[in-house]
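> I have a structure here, written as structure tokens, and I will follow up with some questions on it.
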Amino acid sequence: MAEQTVTVFGPALELMKSVKSPEGEMLTKPFLDVCRNVLPVIDKFGSSMALVKSDVGGNISRLDAKYDSDPSANSLLYDIVRAEVAAKTAKGSSSCSNGMLWLTRAMDFLVELFRNLNDHSDWTMSQCATAAYTSTLKKYHGWIASTAFTVAMKLVPERSKFYETLALGNSTADMERFVTEFSPILAENHEFLKSVNLDDLKAS
């Protein structure tokens, strides 16, 4: 039996199995761990994704610090946001609610990029990235961020080089699984954020 290559998506896929409590609630640390394990994937894009990596890493760190300050009180991701909503601090630029919102949006962008790669074999990597940005993050960005991202999306590596660095070879099964399994989790985050009037915040 041939040894199966572990792709860069493997750890995130494994962690996704335990992202919710037995009661079906989103757990803070497992969700952050899934996102943290997407960082090596972002690395494979090289400097073109430096903005995304910095944003994702910063928001994970912010939520990590909150979790670590009191793991039992902050074990449920949505409870952290509910507490900030009650304290009327949720909309602040340095709030954990803001961190969760932008982390979810950045993950939306990446999932959409991977979906485009899976669905459009005739598109260049740049086309896949630009379409993903346009349909996810762009509407929330101001002119400066939008311009920076638009330039960055043109600097992504070629598709074949990207697949090589991901150890995907001819198999994109793990990437497809990641898109399929992570999309509903992100959709659930958006539904919750919408329920507390935080889903439409734009970048300042």
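The values are calculated or read from the model by the stated rules, or taken from the named source; none is laboratory data. Just so it is clear, the structure is predicted and the values come from calculations on it, not from any experiment. Reconstructed Cβ throughout: ideal geometry from the backbone, glycine too, with neighbour counts over all protein chains shown. Calculation scope for accessible area: heavy atoms of the full protein, side chains included, ligands and nucleic acids excluded. Shrake-Rupley method; radii C 1.70, N 1.55, O 1.52, S 1.80 Å.
> Looking at (1) at pLDDT 90 or above; (2) farther than 28 Å from Ala83 by Cβ, which one does Glu188 not meet, given that it meets all the others?
Tallying (1) at pLDDT 90 or above; (2) farther than 28 Å from Ala83 by Cβ, Glu188 fails exactly one: (2).
> What pairs come out if I take residues in the range 119-134 that are over 21 Å from Ala173 (Cα atoms) and pair them with residues that are open to solvent by 70 Å² or more (accessible area, probe 1.4 Å) and among the basic types (Lys, Arg) whose C-beta lies under 8 Å away, six or more apart or interchain?
Pairs that qualify, where the first residue is over 21 Å from Ala173 (Cα atoms) and the partner is open to solvent by 70 Å² or more (accessible area, probe 1.4 Å) and among the basic types (Lys, Arg), are Ser126/Lys154; Thr130/Lys154.
> Now a separate question. Condition check: in a loop (DSSP other than H, G, I, E, B), more than 25 Å from Thr147 (Cα to Cα) and over 18 Å from the mean Cα position of the chain (by Cα). Does Ser18 satisfy that?
Details: in a loop (DSSP other than H, G, I, E, B): yes; more than 25 Å from Thr147 (Cα to Cα): yes; over 18 Å from the mean Cα position of the chain (by Cα): no.
Spelling it out, it is not the case that Ser18 is in a loop (DSSP other than H, G, I, E, B), more than 25 Å from Thr147 (Cα to Cα) and over 18 Å from the mean Cα position of the chain (by Cα).
> Are any residues in the range 96-149 among the β-branched types (Val, Ile, Thr) and either within 16 Å of the chain's Cα centre (by Cα) or in a helix (DSSP H, G or I) (or both), and if so, which ones?
Step one: of the range 96-149, the residues among the β-branched types (Val, Ile, Thr) are 104, 111, 124, 130, 134, 136, 144, 147.
Within the range 96-149, Thr104, Val111, Thr130, Thr134, Thr136, Ile144, Thr147 qualify.
> Among the residues of the range 37-72, count how many are within 13 Å of Val8 (Cβ to Cβ) and either open to solvent by 70 Å² or more (accessible area, probe 1.4 Å) or modelled with pLDDT of 95 or more (or both). Outline the logic, then answer.
Step one: filter the range 37-72 for residues within 13 Å of Val8 (Cβ to Cβ), giving 37-45.
Imposing the further condition that a residue be either open to solvent by 70 Å² or more (accessible area, probe 1.4 Å) or modelled with pLDDT of 95 or more (or both) reduces the set to 43-44.
Looking only at that region, the number is 2.
> Moving to a separate point now. Are there any pairs with C-beta distances below 7 angstrom linking a residue in the range 56-82 that is at negative phi and among the polar types (S, T, N, Q) to a residue that is crowded, with 18+ Cβ neighbours inside 10 Å and at pLDDT 95 or above, with the two at least 6 apart or on different chains, and if so which?
Within 7 Å, the pairs are Asn59/Gly99; Asn59/Trp102; Asn59/Leu103; Asn74/Thr28; Asn74/Lys66; Asn74/Tyr67; Asn74/Ile80; Ser75/Thr28.
> Which one of Leu186, Leu155, Leu166 is open to solvent by 90 Å² or more (accessible area, probe 1.4 Å) and of a type outside the set (Phe, Trp, Tyr)? So that I can check it myself, show each step before the final result.
Working: Leu186 fails: open to solvent by 90 Å² or more (accessible area, probe 1.4 Å); Leu166 fails: open to solvent by 90 Å² or more (accessible area, probe 1.4 Å).
So the residue among Leu186, Leu155, Leu166 that is open to solvent by 90 Å² or more (accessible area, probe 1.4 Å) and of a type outside the set (Phe, Trp, Tyr) is Leu155.
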